[in-house]
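The values are calculated or read from the model by the stated rules, or taken from the named source; none is laboratory data. Because the structure is predicted, anything quoted here is derived from the model rather than measured. Cβ sites come from the backbone with ideal geometry, for glycine too, and all protein chains shown count toward neighbours.
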Amino acid sequence: MDEVMTVADAGGVNRALYGSSPPSQKLLPHNLPIFSAFLALALAQFLKVFTNWYKEKRWDSKRMLSSGGMPSSHSATVTALALSIALEEGAGAPAFAIALVLACVVMYDASGVRLHAGRQAELLNQIVCEFPPEHPLSTVKPLRELLGHTPIQVAAGAILGCVVAYLMRSTS
């Protein structure tokens, strides 16, 4: 009897020969979730320059590389990642569960622990400024105050991440 090779069998042969995918796909993998996440990160950081100008009426290009501010790039990144995975693999996929839990932890941390650490740094900087010049801590470099995000900044980042993930999915 002659055996017929099906498409499924050919896929198995390719996996046996090349690993999980043919060599041409390993050079530049098409990974929509990672592209969506990094695009959301870049857009959020870029938008911080404009939201800072709106708030303080001055341009500060350093905001593109700093933490804190509007919108939260942390939230945008993890939300774009989670939603891209959900759109590509389904909400029942284990990868989506991992990404969703990661997103919740990151957003909670950004609006909780890091926000309060920044507020404490602001208070400590004010205290150090009041020390007399002869005090050993009077010349200490000030602590960074913009560490975390307000809940509105986190929500704005999450919305941006959702929009990026959805648009990336619809254009691919």
Going through the range 75-98 in order, the residues found to be assigned to a helix (DSSP H, G or I) and over 11 Å from G161 (Cβ atoms) are I85, A86, L87, E88, E89, P94, A95, F96, A97, I98
Looking only at the range 62-71, decide whether some residue is outside any helix (DSSP H, G or I), farther than 23 Å from V163 by Cα, modelled with pLDDT under 70 and hydroxyl-bearing (S, T, Y). no
Residue count for the range 128-143, restricted to those that are assigned to a loop (DSSP other than H, G, I, E, B) and either hydroxyl-bearing (S, T, Y) or surrounded by 10 or more Cβ atoms within 10 Å (Cβ to Cβ) (or both): 7
Suppose we filter the range 74-129 for residues that are over 12 Å from G148 (Cβ atoms) and polar (S, T, N, Q); how many remain? 5
Do we find that A121 is surrounded by fewer than 20 Cβ atoms within 10 Å (Cβ to Cβ) and part of a loop (DSSP other than H, G, I, E, B) in this structure? no
Output the number of residues of the range 106-117 satisfying the condition of being of a type in the set (G, A, S), surrounded by fewer than 17 Cβ atoms within 10 Å (Cβ to Cβ) and assigned to a helix (DSSP H, G or I). 1
Can you run down the residue pairs with Cβ atoms below 6 Å, 6 or more apart or on separate chains, where the first is in the range 106-126 and farther than 30 Å from T139 by Cβ and the partner is assigned to a helix (DSSP H, G or I)? V106/H74; V106/V78; M107/S75; M107/V154; A110/H74; A110/V154; S111/P151; S111/V154
Expected output for the range 83-105 (first residue surrounded by 17 or more Cβ atoms within 10 Å (Cβ to Cβ), partner of a type in the set (S, T, N, Q) and assigned to a helix (DSSP H, G or I), Cβ below 6 Å, 6+ apart or cross-chain) is S84/S36; A103/T79
